[in-house]
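Structure first, commentary second.
The values are calculated or read from the model by the stated rules, or taken from the named source; none is laboratory data. Please read these numbers as outputs of a predicted model, since none were measured by experiment. Cβ: placed from backbone, ideal geometry, glycine included. Neighbour counts: every protein chain shown. Ligands, DNA and RNA are excluded from the accessible area calculation, which covers all protein heavy atoms including side chains. Shrake-Rupley method; radii C 1.70, N 1.55, O 1.52, S 1.80 Å.
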Amino acid sequence: MGLKWTDTLDIAIELDEAHPDVDPMHVNFVDLMRWVAALPDFDDEQTHCGEKILEAIQMAWIEERQD
């Protein structure tokens, strides 16, 4: 079973591992959506994503980076 858009913390962890040199504070939503969709464990439709989900993923990534 793959990751869905609502798995924000798991997605944030994988993004942090996949893009260690990226500052999540400065990622635009177009790139963020593309990077999430490219994760090996990701298995959801892009039509299920919206701005609020991308904001939640970005915030989880920022928090993950601070820990």
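Of all the accessible heavy-atom surface of the chain, with the other protein chains kept in place and a 1.4 Å probe, what percent is carbon and sulfur?
Of all accessible area on the chain, carbon and sulfur atoms account for 51 percent.
Compute and list, largest first, the equivalent-ellipsoid semi-axes of the chain from the alpha carbon gyration tensor, each √(5λ) rounded to a whole angstrom.
Here the semi-axes work out to 17, 13, 11 Å.
About the Cα centre of the chain, how large is the charge dipole given +1 on each Lys and Arg Cβ and -1 on each Asp and Glu Cβ? Please answer in debye to the nearest 20.
So the dipole magnitude of the chain works out to roughly 220 debye.
Okay, which of region 3-28 sit inside 15 Å, backbone N to the point 7 Å along the Cα-Cβ direction of residue 66?
The answer is 24-26.
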